[in-house]
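Coordinate-derived values only; no laboratory data. Fair warning: this is a prediction, and the values are worked out from it, not measured in the lab. Please note: Cβ atoms are built from the backbone with ideal geometry, for glycine as well, and neighbour counts cover all protein chains shown.
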Amino acid sequence: MSSEIGVMALNRKRLAAMTAAVVMMSATGSTAQADEGLGTAEDPVTVRIIANEAFANTWQTTLVPEFNKVYPHIEVVFDGVPYPDMLAKMMLDATSPDPEYDAYLIDDPWVPQMAEVGALIDLKGEDIAAITDDGYDWDDFSAAPLAAGEWQGVQYAVPVRSNVLLRFYNRTLYEQAGLDEPTPEQTWDEFFADAEALVRDTDGDGQDDVWAISTYFVRDSLTPTIWQSILNANGGNLLDEEGKPAFANETGAVSLETHKRLLDYAPPGGLGHGFSESLQAFRQGLVANLFNWGSIYKATAVDSASTTLTPDEVGIQVLPVGTENAGTHRGIWIAGISSKTDRQEASWAFLQWLTSREGEAINAALVGSFPARLSTLESEPAEPWLAPVYETLKHAYAVAGEGGMWRIRSPRSDAAQQILADEVARGLAGQVEAEEALGIAAEKVERALR
Amino acid sequence: MTATDMTGLAGRGERRRGRLKDLITRWSFMAPSIVLMILLLAYPIFYTIEISLTRFDIATFSAGAWVGLDNYREVMADYRFWDSLWVTLIYLVIALPLQVALGFGIAFLINAEWAGRGFIRALFIIPMVVAPVVAGGIWRMMLDPLWGIVNHWLGFIGIGPLDWFGDPALAMATIIIIDTWRWTPFIVLIATAALLALPKDVFEAAKIDGANWWSTLWSVAIPLLVPVIAATFVIRWLGAVKMFDIVLASTYGGPGKATNVINLFIYEEAFRSLRFAESAAMAVIVLVLTMVLTALFLRGTRALEDRY
């Protein structure tokens, strides 16, 4: 019912907007192509969206049919692209005179790049406001995820798949090691004390076969997010208020040493572990802790096809507490509309539906995506396993917001992130001391951001 | 002017027209290839050079303001560029001789007539047709210290467990093993063809003279094969210097920067950091280095051909 009201409200606004547009075009003699609207049964409109291949297909087959129950004349087509190639492909498309895509699914640090080339439309601007449902509540979004879509005071994108770095732990392994379950208040010192006990030889063959932790250690652009979450928890920051590197100091080095120390309690080959390897080790019950993106919870604790664990076995919380606060790292997938599309209304209809309370609930229940709306997080979850996840998310959003726990916000953030990836990898591999790695990184990041 | 002169002039004119027609005909046959070459080869190279001399304009995704050699200076001052070149050199110095030696050695061993030789030769083609990314992924699984079958097997003979992706030396060894697995069969095929083409009478003469297996190999086969070995080395060099995909799929350039070959570094700088101008400068430097070294190798190949 609320969807129907939304559609009606949208249609009234559309009518007003279209009338205004027709008057304007008549007055100016403009020949610009009109927006294709929401389509009709005879003439449906197609919205093309570039997205991460990791979830593009699932969204196509699961979410789009749900959307089409409300908007049957809008065909949404997702093009999945491997994550490492996404930014370059999106930039190339966005800067062409006639972009192929009507909307872009953007990773957390990419909004400044996309905004700088004028690729995205202002979602709170007049054009979009005219076609926005009255019930669409911007104030209902948690501040941290919503801020991911903002750049220099303009809201270019909305959170469609919120994510944060979280700590997963295996309750069975903690119990077998004779340890109490960790709490969100656990400090790094307490974590390492537990880690000693969690590395065990369970079958008595003289070799350890269960370990304390796996996470990102491999040379990868996301590996510095672990170090950064420790840095932020210790009160450090990547940049100072003038936008200059502020991590090449004792806090930064201690944080990198902490990240490196995790390797002492990781499985053999831990230095080669990234997203997939650490996830696999945890799902198979080989490691007691996993620091990874929260969105993997469903596939790690719920889907029996992909995990040996159950929701009862898997605890979820923020990363251990440093000298200042707990740790996490924001990683929101946000969606924006191409500034050059003539399918603006249909594109916004889809994004609006997807980020509405109703759409968020469907996205969470069917796909496991995390919501960004406070009302969704406060509501009764559609599935029981979502309850502890929502509690943790609320905590993590607050922690991320307080500590500024996200990647560098700059049109050149990817260059900076790659530099951090290189130097953190060298530090973790022991090829250079932490101080030297961070000193070089700071110098290069400063030049990259100029 | 006499009639003979006029006939001579007319003849010369006709010959000139004939030559011109012939020339036009020849060029008309070559023209499509030349146009294709310019479009597919020359244009990207010149465009890369242009980008390397400008500040890349991200808003138009094209070459922007002219900055001269600034990008080259920046690249030359970046230790990561030199590190990547050094890593690439280590890989090439170990992998290329190893693959050529193994390829010719295996070819020599399987050159004898025996049942099933054709089947074994066919098996050798398999690694070559496997996509490099797939090969890298499969080997990554096989060598994984936690789940991999290789460490499991090595355990039976008391070796390991080896940290193939965590130890810098072993990570480089991993890359060389995968690359050697992929490309040695290619060299075996070339070497087998070369061995079959060797003059049999020379070997018969060596046999009559009482040469043993080793003497035949060292004093007869290898000298005859030297030009082929040199040519194979150059062909393989041109392929190996492009090494990128196997590293991307197996070690991601790590641990640290232990396997960060130059092409992976250029790719990351361009498509992950969006530093297209600096990447173009690096690509041009690598292109020049490759051309110089290839010219030297070709010169060496010709010298060996003349000598043997």
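Some points to look at:
- For chain B, the extents of the C-alpha atoms along the principal axes are 101, 74, 32 Å, listed from largest to smallest.
- Cβ-defined net charge surrounding A:PRO320, 13 Å radius [Lys, Arg +1; Asp, Glu -1]: -3
- By DSSP, the beta bridges lying fully in the protein assembly as shown are antiparallel in about 65 percent of cases.
- Averaged over peptide A:279-291, the number of partner chain Cβ atoms lying within 10 Å of each residue's Cβ comes to 1.
- Neighbours of A:ARG409 by Cβ distance under 12 Å: Lys/Arg scored +1, Asp/Glu scored -1, total -1.
- Normalised by the number of residues in the range B:70-307, the average gap of Cα pairs under 8 Å and 6 or more apart makes the relative contact order 31 percent.
- Between A:HIS329 and A:LEU165, the built amide H atoms are under 5 Å apart, and every one of these is 5 or more places off in sequence or on another chain.
- Each part reduced to its alpha carbon centroid, the range A:65-90 and the range B:117-139 end up 36 Å apart.
- Summing charges over all other residues whose Cβ lies under 11 Å from the Cβ of A:GLU150, with Lys and Arg as +1 and Asp and Glu as -1, gives +1.
- Taking 0.36 nm per residue of separation and subtracting the current Cα-Cα distance, fully stretching the chain between B:MET37 and B:ALA115 would add 23.5 nm.
- Legend: ranking of residues A:TYR174, B:TYR47, A:TYR104 from fewest to most surrounding C-beta atoms inside 10 Å; resulting order B:TYR47, A:TYR174, A:TYR104.
- Sorting A:THR95, B:THR294, A:THR355 from the fewest to the most surrounding beta carbons within 10 angstrom yields B:THR294, A:THR95, A:THR355.
- If R0 equals 56 Å, the separation of the Cβ atoms of B:ALA122 and A:GLU242 corresponds to a calculated FRET efficiency of about 0.30.
- Centroid-to-centroid separation of the range A:328-343 and the range B:37-65 [C-alpha atoms, Å]: 29 Å
- Based on C-alpha pairs under 8 angstrom that are at least 6 apart in sequence, chain A has a relative contact order of 24 percent.
- Under 5 Å from the amide H of A:THR46 lie the amide H atoms of A:GLU75, each residue being 5 or more positions distant or on a separate chain, with H modelled from the backbone and absent for Pro and chain starts.
- Proximal aspartates and glutamates relative to A:LYS124, as straight alpha-carbon distance under 16 Å, when same-chain residues fewer than 8 apart are discounted: A:ASP133, A:ASP134, A:ASP137, A:ASP139, A:ASP140, A:GLU150, A:GLU345
- Mean Cβ neighbour count within 10 Å, used as a protection proxy, ranking A:345-352, B:200-207, B:281-288 highest first: A:345-352, B:281-288, B:200-207
- Sorting B:159-167, A:442-450, A:141-149 by their mean Cβ neighbour count within 10 Å, with the most densely packed peptide first, gives A:141-149, B:159-167, A:442-450.
- Each Cα pair under 8 Å and six or more residues apart adds its sequence gap; the mean of these over the residue count of the range B:24-162 is a relative contact order of 7 percent.
- Listed residues A:GLY236, A:ASN52, A:PHE247: farthest to the positive end of the dipole of the protein assembly as shown (Cβ charges): A:ASN52
- Exercise: per-residue mean of other protein chain Cβ atoms within 10 Å, A:264-275: 6
- Inter-chain shielding of B:271-280 (mean C-beta neighbours from other protein chains, 10 Å cut-off): 5
- Using only alpha-carbon positions in chain A, the gyration tensor eigenvalues give semi-axes of 41, 25, 18 Å once each is multiplied by 5 and square-rooted (largest first).
- Ordering of A:224-237, B:32-45 by packing [mean C-beta count within 10 Å, highest first]: A:224-237, B:32-45
- With a Förster radius of 30 Å applied to the C-beta separation of B:LEU298 and B:ASP70, the computed FRET efficiency comes to 0.35.
- Partner aspartates and glutamates for A:LYS89 [C-alpha distance under 12 Å; skip if fewer than 8 residues away on the same chain]: A:ASP79, A:GLU100
- Placing R0 at 45 angstrom, the Cβ-Cβ distance between A:GLU383 and A:ASN249 gives a FRET efficiency of 0.50 after rounding to 0.05.
- Partner lysines for A:LYS444 [C-alpha distance under 19 Å; skip if fewer than 8 residues away on the same chain]: A:LYS244, B:LYS257
- Mean ellipticity per residue at 222 nm, deg cm²/dmol - from DSSP H runs of n ≥ 4 across the protein assembly as shown, formula -39500 (n - 2.57): -17500 deg cm²/dmol
- Dimensions of the protein assembly as shown along the principal axes, based on C-alpha atoms and rounded to the nearest Å, stand at 97, 93, 52, largest first.
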